[in-house]
Amino acid sequence: MMQQLTVASLSRDIKFEGFLLVRSAEQRTSSNGGKYLDMTLCDTTGDINCKMWDGTVQPPKQGSVIKVRGTVQEYNGRLQMRVERLRSPAPGDDVDPSQLMPCAPEAPEDMLSEIKRTIGRMKTPELRAILNEMLAMCGDKLMYYPAAQRVHHAERSGLLHHTLGVLRAAEAVLPLYPFLDGDLLRAGAIAHDLSKTAEFISDEAGNVSDYSAEGQLLGHLVHGVAQVREAARRANVTGEYVLLLSHMIISHHGQPDHGSPRPPMFPEAEMLHLLDDMDAKMNEMEGVMRRTPAGAFSEKIWSLDRRLYHPSVGAAAQSEEKDEDPFGIRDAYSGLL
(Lines give C-alpha, C1' and ligand atoms only; values in the text may rest on other atoms or scores of the structure.)
Protein backbone atom coordinates (compact mmCIF):
# COMPACT_ATOMS: atom_id res chain seq x y z
CA MET A 1 0.00 0.00 0.00
CA MET A 2 1.28 3.48 -0.77
CA GLN A 3 2.36 5.55 2.21
CA GLN A 4 -0.21 8.11 3.27
CA LEU A 5 -1.18 10.32 6.15
CA THR A 6 -3.10 8.60 8.92
CA VAL A 7 -6.49 9.79 10.11
CA ALA A 8 -5.02 10.49 13.56
CA SER A 9 -2.47 12.88 12.01
CA LEU A 10 -5.01 14.97 10.10
CA SER A 11 -5.62 18.59 11.05
CA ARG A 12 -7.42 21.57 9.57
CA ASP A 13 -6.50 22.61 5.99
CA ILE A 14 -4.53 19.43 5.28
CA LYS A 15 -5.07 17.96 1.83
CA PHE A 16 -5.48 14.20 1.91
CA GLU A 17 -5.18 11.59 -0.78
CA GLY A 18 -5.25 7.92 0.02
CA PHE A 19 -7.21 4.78 0.86
CA LEU A 20 -9.72 4.57 3.69
CA LEU A 21 -12.21 1.98 4.92
CA VAL A 22 -15.92 2.81 4.72
CA ARG A 23 -17.57 2.58 8.13
CA SER A 24 -20.83 4.06 6.88
CA ALA A 25 -22.05 5.92 3.81
CA GLU A 26 -25.42 7.22 2.72
CA GLN A 27 -26.88 9.74 0.33
CA ARG A 28 -28.70 12.58 2.06
CA THR A 29 -30.68 15.65 1.10
CA SER A 30 -29.51 19.10 2.17
CA SER A 31 -31.78 21.93 3.30
CA ASN A 32 -31.77 23.35 -0.24
CA GLY A 33 -32.87 20.04 -1.73
CA GLY A 34 -29.48 19.01 -3.12
CA LYS A 35 -28.07 15.50 -2.72
CA TYR A 36 -24.75 14.78 -1.02
CA LEU A 37 -22.80 11.85 0.43
CA ASP A 38 -22.37 11.61 4.18
CA MET A 39 -19.62 9.10 5.07
CA THR A 40 -17.56 7.94 8.00
CA LEU A 41 -14.18 6.75 6.76
CA CYS A 42 -11.38 5.27 8.82
CA ASP A 43 -7.99 3.64 9.07
CA THR A 44 -6.38 1.84 11.99
CA THR A 45 -5.80 5.13 13.85
CA GLY A 46 -9.35 6.49 13.86
CA ASP A 47 -12.22 7.74 11.73
CA ILE A 48 -13.40 11.02 10.26
CA ASN A 49 -16.72 12.29 8.96
CA CYS A 50 -16.60 13.08 5.24
CA LYS A 51 -18.96 15.00 2.96
CA MET A 52 -19.05 14.87 -0.82
CA TRP A 53 -21.29 17.53 -2.35
CA ASP A 54 -21.99 15.63 -5.54
CA GLY A 55 -25.46 14.16 -5.70
CA THR A 56 -24.64 11.92 -8.65
CA VAL A 57 -22.17 9.74 -6.73
CA GLN A 58 -23.66 6.63 -5.15
CA PRO A 59 -22.62 5.72 -1.60
CA PRO A 60 -19.85 3.12 -1.43
CA LYS A 61 -20.56 -0.17 0.32
CA GLN A 62 -19.98 -0.38 4.04
CA GLY A 63 -16.78 -2.29 4.78
CA SER A 64 -15.30 -1.54 1.36
CA VAL A 65 -12.09 0.37 0.68
CA ILE A 66 -12.13 3.54 -1.39
CA LYS A 67 -9.54 6.05 -2.48
CA VAL A 68 -10.42 9.64 -1.71
CA ARG A 69 -9.01 13.07 -2.36
CA GLY A 70 -10.14 15.91 -0.19
CA THR A 71 -9.41 18.74 2.23
CA VAL A 72 -9.78 18.60 5.99
CA GLN A 73 -11.99 21.31 7.45
CA GLU A 74 -13.47 22.06 10.85
CA TYR A 75 -17.22 22.07 11.46
CA ASN A 76 -18.80 22.69 14.86
CA GLY A 77 -15.48 22.03 16.54
CA ARG A 78 -14.87 18.69 14.81
CA LEU A 79 -12.66 17.75 11.91
CA GLN A 80 -14.46 16.88 8.70
CA MET A 81 -13.17 16.09 5.22
CA ARG A 82 -14.64 17.68 2.12
CA VAL A 83 -14.16 14.96 -0.49
CA GLU A 84 -13.53 16.10 -4.04
CA ARG A 85 -13.14 12.72 -5.70
CA LEU A 86 -13.42 9.07 -4.79
CA ARG A 87 -13.06 5.75 -6.54
CA SER A 88 -12.75 2.02 -5.85
CA PRO A 89 -9.25 0.50 -5.77
CA ALA A 90 -7.75 -0.30 -9.15
CA PRO A 91 -5.95 -3.62 -9.87
CA GLY A 92 -2.52 -2.03 -9.52
CA ASP A 93 -3.18 -0.27 -6.21
CA ASP A 94 -2.08 -3.21 -4.04
CA VAL A 95 -4.25 -2.13 -1.13
CA ASP A 96 -4.73 -4.43 1.88
CA PRO A 97 -8.03 -3.78 3.74
CA SER A 98 -6.57 -5.30 6.93
CA GLN A 99 -4.10 -2.40 7.06
CA LEU A 100 -7.05 0.01 7.37
CA MET A 101 -9.26 -1.95 9.74
CA PRO A 102 -9.35 -0.65 13.35
CA CYS A 103 -8.71 -3.72 15.50
CA ALA A 104 -8.26 -4.47 19.17
CA PRO A 105 -4.57 -4.53 20.16
CA GLU A 106 -4.73 -8.21 21.15
CA ALA A 107 -5.87 -11.24 19.19
CA PRO A 108 -9.50 -12.12 19.94
CA GLU A 109 -8.55 -15.76 20.56
CA ASP A 110 -6.10 -14.68 23.27
CA MET A 111 -8.57 -12.32 24.92
CA LEU A 112 -11.34 -14.90 24.97
CA SER A 113 -8.97 -17.52 26.38
CA GLU A 114 -8.04 -15.20 29.25
CA ILE A 115 -11.70 -14.61 30.03
CA LYS A 116 -12.42 -18.34 29.98
CA ARG A 117 -9.45 -19.04 32.25
CA THR A 118 -10.80 -16.49 34.72
CA ILE A 119 -14.20 -18.22 34.68
CA GLY A 120 -12.51 -21.57 35.26
CA ARG A 121 -10.75 -20.24 38.37
CA MET A 122 -13.95 -18.94 39.98
CA LYS A 123 -14.97 -20.69 43.19
CA THR A 124 -18.68 -20.00 42.70
CA PRO A 125 -20.24 -22.77 40.57
CA GLU A 126 -23.44 -20.83 39.92
CA LEU A 127 -21.55 -17.92 38.35
CA ARG A 128 -19.27 -20.23 36.36
CA ALA A 129 -22.27 -22.01 34.87
CA ILE A 130 -24.13 -18.80 33.97
CA LEU A 131 -21.09 -17.20 32.34
CA ASN A 132 -20.23 -20.25 30.28
CA GLU A 133 -23.80 -20.34 28.96
CA MET A 134 -23.70 -16.61 28.17
CA LEU A 135 -20.49 -16.99 26.17
CA ALA A 136 -22.00 -19.91 24.27
CA MET A 137 -25.11 -17.84 23.50
CA CYS A 138 -22.93 -15.12 21.94
CA GLY A 139 -21.17 -17.60 19.68
CA ASP A 140 -18.68 -16.47 17.05
CA LYS A 141 -19.89 -12.86 17.22
CA LEU A 142 -17.60 -12.35 20.21
CA MET A 143 -14.58 -12.73 17.96
CA TYR A 144 -15.27 -9.62 15.91
CA TYR A 145 -18.03 -7.49 17.50
CA PRO A 146 -17.11 -3.94 18.56
CA ALA A 147 -18.19 -2.50 21.90
CA ALA A 148 -19.89 0.48 20.27
CA GLN A 149 -20.91 1.88 16.91
CA ARG A 150 -18.86 5.01 17.62
CA VAL A 151 -17.06 6.27 20.72
CA HIS A 152 -15.16 3.73 22.85
CA HIS A 153 -13.77 0.43 21.57
CA ALA A 154 -15.40 0.92 18.16
CA GLU A 155 -13.05 -1.57 16.56
CA ARG A 156 -12.96 -5.18 15.44
CA SER A 157 -13.05 -7.36 18.60
CA GLY A 158 -13.67 -4.20 20.63
CA LEU A 159 -16.27 -5.95 22.78
CA LEU A 160 -13.68 -8.45 23.97
CA HIS A 161 -11.13 -5.65 24.38
CA HIS A 162 -13.49 -3.66 26.63
CA THR A 163 -14.67 -6.74 28.55
CA LEU A 164 -11.11 -7.79 29.27
CA GLY A 165 -10.15 -4.22 30.22
CA VAL A 166 -12.91 -4.08 32.83
CA LEU A 167 -12.02 -7.58 34.06
CA ARG A 168 -8.33 -6.71 34.45
CA ALA A 169 -9.24 -3.50 36.27
CA ALA A 170 -11.45 -5.54 38.59
CA GLU A 171 -8.54 -7.86 39.39
CA ALA A 172 -6.39 -4.81 40.17
CA VAL A 173 -8.84 -3.26 42.66
CA LEU A 174 -9.95 -6.41 44.46
CA PRO A 175 -6.86 -6.48 46.75
CA LEU A 176 -7.68 -2.90 47.77
CA TYR A 177 -11.23 -3.77 48.81
CA PRO A 178 -11.11 -7.30 50.24
CA PHE A 179 -14.70 -7.10 51.48
CA LEU A 180 -15.93 -7.34 47.87
CA ASP A 181 -17.16 -10.67 46.47
CA GLY A 182 -14.43 -11.19 43.90
CA ASP A 183 -16.28 -13.78 41.84
CA LEU A 184 -19.38 -11.59 41.66
CA LEU A 185 -17.38 -8.57 40.47
CA ARG A 186 -15.54 -10.70 37.91
CA ALA A 187 -18.83 -12.12 36.69
CA GLY A 188 -20.29 -8.63 36.29
CA ALA A 189 -17.22 -7.49 34.37
CA ILE A 190 -17.52 -10.41 31.94
CA ALA A 191 -21.30 -10.33 31.54
CA HIS A 192 -22.15 -6.62 31.57
CA ASP A 193 -21.94 -5.93 27.80
CA LEU A 194 -22.24 -9.38 26.22
CA SER A 195 -25.75 -8.64 24.97
CA LYS A 196 -24.30 -6.02 22.63
CA THR A 197 -23.97 -8.95 20.23
CA ALA A 198 -27.76 -8.72 19.95
CA GLU A 199 -27.97 -4.90 20.14
CA PHE A 200 -25.93 -4.15 17.00
CA ILE A 201 -25.78 -5.38 13.44
CA SER A 202 -22.07 -5.74 12.67
CA ASP A 203 -20.08 -7.25 9.85
CA GLU A 204 -16.94 -9.31 10.49
CA ALA A 205 -14.76 -6.22 10.06
CA GLY A 206 -16.38 -4.72 13.15
CA ASN A 207 -18.43 -2.16 11.22
CA VAL A 208 -21.84 -1.53 12.80
CA SER A 209 -24.44 -0.72 10.16
CA ASP A 210 -27.36 -0.17 12.54
CA TYR A 211 -29.02 -1.19 15.77
CA SER A 212 -31.15 -4.32 15.69
CA ALA A 213 -34.85 -4.24 16.55
CA GLU A 214 -33.99 -5.61 20.00
CA GLY A 215 -31.28 -2.99 20.36
CA GLN A 216 -33.65 -0.15 19.58
CA LEU A 217 -36.64 -1.46 21.53
CA LEU A 218 -34.83 -2.93 24.54
CA GLY A 219 -31.15 -1.99 24.57
CA HIS A 220 -28.31 -4.11 25.90
CA LEU A 221 -29.10 -3.51 29.58
CA VAL A 222 -32.63 -4.90 29.46
CA HIS A 223 -31.67 -7.59 26.98
CA GLY A 224 -28.69 -8.43 29.16
CA VAL A 225 -30.96 -9.20 32.11
CA ALA A 226 -33.00 -11.52 29.89
CA GLN A 227 -29.76 -13.14 28.72
CA VAL A 228 -28.67 -13.81 32.33
CA ARG A 229 -32.06 -15.35 33.14
CA GLU A 230 -32.00 -17.54 30.05
CA ALA A 231 -28.43 -18.65 30.75
CA ALA A 232 -29.38 -19.51 34.33
CA ARG A 233 -32.37 -21.50 33.08
CA ARG A 234 -30.21 -23.46 30.63
CA ALA A 235 -27.63 -24.14 33.34
CA ASN A 236 -30.32 -25.04 35.87
CA VAL A 237 -29.10 -22.33 38.25
CA THR A 238 -31.39 -20.65 40.77
CA GLY A 239 -30.83 -18.44 43.79
CA GLU A 240 -29.67 -14.93 44.63
CA TYR A 241 -26.68 -14.84 42.29
CA VAL A 242 -29.08 -14.68 39.32
CA LEU A 243 -30.74 -11.62 40.84
CA LEU A 244 -27.45 -9.95 41.77
CA LEU A 245 -25.88 -10.43 38.34
CA SER A 246 -29.08 -9.16 36.70
CA HIS A 247 -28.95 -6.03 38.84
CA MET A 248 -25.30 -5.42 37.99
CA ILE A 249 -26.12 -5.46 34.30
CA ILE A 250 -29.15 -3.19 34.50
CA SER A 251 -27.37 -0.69 36.78
CA HIS A 252 -23.88 -0.55 35.28
CA HIS A 253 -24.50 2.75 33.48
CA GLY A 254 -25.06 4.27 36.89
CA GLN A 255 -28.06 6.56 36.46
CA PRO A 256 -31.26 7.01 34.44
CA ASP A 257 -29.76 9.73 32.22
CA HIS A 258 -27.25 7.14 31.00
CA GLY A 259 -29.79 4.36 30.54
CA SER A 260 -29.84 2.57 33.90
CA PRO A 261 -33.36 2.32 35.39
CA ARG A 262 -31.78 1.46 38.77
CA PRO A 263 -28.61 2.85 40.38
CA PRO A 264 -26.05 0.36 41.70
CA MET A 265 -27.44 -0.89 45.00
CA PHE A 266 -24.61 -3.00 46.43
CA PRO A 267 -20.80 -2.55 46.42
CA GLU A 268 -19.93 -4.93 43.58
CA ALA A 269 -22.52 -3.24 41.35
CA GLU A 270 -21.09 0.19 42.17
CA MET A 271 -17.56 -0.98 41.47
CA LEU A 272 -18.63 -2.46 38.12
CA HIS A 273 -20.18 0.88 37.15
CA LEU A 274 -16.98 2.75 38.07
CA LEU A 275 -14.69 0.34 36.24
CA ASP A 276 -16.88 0.24 33.13
CA ASP A 277 -16.99 4.03 32.99
CA MET A 278 -13.24 4.28 33.55
CA ASP A 279 -12.31 1.78 30.85
CA ALA A 280 -14.63 3.38 28.29
CA LYS A 281 -13.33 6.90 28.97
CA MET A 282 -9.68 5.90 29.04
CA ASN A 283 -10.04 4.12 25.70
CA GLU A 284 -11.64 7.17 24.14
CA MET A 285 -9.11 9.54 25.65
CA GLU A 286 -6.26 7.35 24.39
CA GLY A 287 -7.60 7.76 20.86
CA VAL A 288 -7.92 11.52 21.29
CA MET A 289 -4.33 11.78 22.56
CA ARG A 290 -3.10 9.86 19.51
CA ARG A 291 -4.58 12.39 17.13
CA THR A 292 -3.89 15.54 19.18
CA PRO A 293 -0.37 17.03 19.06
CA ALA A 294 1.45 17.44 22.37
CA GLY A 295 0.77 20.87 23.86
CA ALA A 296 -2.51 21.28 21.95
CA PHE A 297 -6.21 20.94 22.67
CA SER A 298 -8.42 18.48 20.84
CA GLU A 299 -11.68 19.26 19.12
CA LYS A 300 -14.71 19.05 21.39
CA ILE A 301 -15.33 15.40 22.26
CA TRP A 302 -19.10 15.18 22.26
CA SER A 303 -19.41 12.03 24.34
CA LEU A 304 -17.27 13.66 27.06
CA ASP A 305 -18.78 17.14 26.55
CA ARG A 306 -15.40 18.84 26.61
CA ARG A 307 -12.12 19.34 24.80
CA LEU A 308 -9.04 17.49 25.97
CA TYR A 309 -5.50 18.75 26.40
CA HIS A 310 -2.51 16.66 25.37
CA PRO A 311 0.23 17.51 27.89
CA SER A 312 3.60 18.31 26.38
CA VAL A 313 5.46 17.21 29.54
CA GLY A 314 7.54 14.19 28.68
CA ALA A 315 6.85 14.44 24.94
CA ALA A 316 9.93 14.07 22.73
CA ALA A 317 11.23 17.34 21.38
CA GLN A 318 10.48 16.86 17.74
CA SER A 319 8.74 19.96 16.44
CA GLU A 320 11.88 21.29 14.70
CA GLU A 321 12.99 17.94 13.34
CA LYS A 322 9.67 16.51 12.26
CA ASP A 323 8.69 16.83 8.63
CA GLU A 324 5.04 17.86 8.82
CA ASP A 325 4.34 16.24 5.47
CA PRO A 326 6.80 13.32 5.27
CA PHE A 327 5.24 11.73 2.21
CA GLY A 328 4.62 14.88 0.19
CA ILE A 329 0.89 14.24 0.16
CA ARG A 330 -0.46 17.48 1.59
CA ASP A 331 -0.01 19.66 -1.48
CA ALA A 332 1.10 17.25 -4.14
CA TYR A 333 -1.60 15.25 -5.88
CA SER A 334 -0.30 12.11 -7.45
CA GLY A 335 -2.85 12.05 -10.26
CA LEU A 336 -3.94 8.54 -9.43
CA LEU A 337 -7.57 9.53 -9.01
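The values are calculated or read from the model by the stated rules, or taken from the named source; none is laboratory data. Every value quoted in this text rests on a predicted model; they were computed, and no experiment measured them. Because the Cβ atoms are built from the backbone with ideal geometry, glycine has one as well, and the counts that use them run over all protein chains shown.
Observations on the model:
- In summary, Q62 fulfils each of the numbered conditions (1) under 18 Å from R87 (Cβ atoms); (2) not in a loop (DSSP other than H, G, I, E, B) with the single exception of condition (2).
- Some residue of region 287-303 being polar (S, T, N, Q), touching a residue at least 60 places away in the same chain (Cβ under 8 Å) and surrounded by 15 or more Cβ atoms within 10 Å (Cβ to Cβ): no
- Hey, Y145 surrounded by fewer than 22 Cβ atoms within 10 Å (Cβ to Cβ), aromatic (F, W, Y) and under 26 Å from L21 (Cα atoms) or not: no
- Screening D47 against (1) closer than 18 Å to P97 by Cα; (2) in a loop (DSSP other than H, G, I, E, B); (3) in contact with a helix residue (DSSP H, G or I) (Cβ under 9 Å, 6 or more places away or on another chain) leaves a single unmet condition, (2).
- The set of residues from region 276-296 being on the phi < 0 side of the Ramachandran plot and touching a Phe, Trp or Tyr at 6+ places or on another chain (Cβ under 9 Å) comprises T292, A296.
- One residue stands out in region 12-36 among those that are part of a strand (DSSP E or B) and without any contact (Cβ under 8 Å) to a residue 24 or more places away in the chain: the one that is nearest to V68 (Cα to Cα), namely Y36.
- Among the residues of region 227-245, those that are assigned to a helix (DSSP H, G or I) and either touching a residue at least 24 places away in the same chain (Cβ under 8 Å) or crowded, with 20+ Cβ neighbours inside 10 Å (or both) comprise Q227, V228, E230, A231, A232, R234, Y241, V242, L244, L245.
- Residue list for region 96-113, restricted to those being crowded, with 17+ Cβ neighbours inside 10 Å, touching a strand residue (DSSP E or B) at 6+ places or on another chain (Cβ under 7 Å) and either among the hydrophobic types (A, V, I, L, M, F, W, C) or in a helix (DSSP H, G or I) (or both): L100, M101, C103, A104
- The residue of region 147-167 that is farthest from the chain's Cα centre (by Cα), among those that are assigned to a helix (DSSP H, G or I) and of a type in the set (V, I, T), is V166.
- Annotation: R262 fulfils all but one of (1) of a type in the set (D, E, K, R); (2) modelled with pLDDT of 95 or more; (3) surrounded by fewer than 21 Cβ atoms within 10 Å (Cβ to Cβ); the unmet one is (2).
- With respect to (1) outside any helix (DSSP H, G or I); (2) within 20 Å of L221 (Cα to Cα); (3) modelled with pLDDT of 95 or more, the lone exception for L180 is condition (2).
- Looking only at residues in region 42-68 that are in contact with a strand residue (DSSP E or B) (Cβ under 9 Å, 6 or more places away or on another chain) and among the small types (G, A, S), the one that is modelled with the highest pLDDT is S64.
- Some residue of region 69-81 being without any contact (Cβ under 8 Å) to a residue 40 or more places away in the chain, touching a strand residue (DSSP E or B) at 6+ places or on another chain (Cβ under 9 Å) and within 26 Å of A148 (Cα to Cα): yes
- Out of V22, V65, sole residue that is touching a helix residue (DSSP H, G or I) at 6+ places or on another chain (Cβ under 6 Å) and within 30 Å of A104 (Cβ to Cβ): V65
- Residue satisfying condition, being under 29 Å from L127 (Cα atoms), β-branched (V, I, T) and modelled with pLDDT under 95, within set I190, I201: I201
- When residues of region 8-20 are limited to those that are at pLDDT below 90 and not charged (D, E, K, R), the one surrounded by the fewest Cβ atoms within 10 Å (Cβ to Cβ): S11
- Test: E74 is farther than 12 Å from V22 by Cβ, of a type in the set (D, E, K, R) and under 24 Å from the mean Cα position of the chain (by Cα): yes
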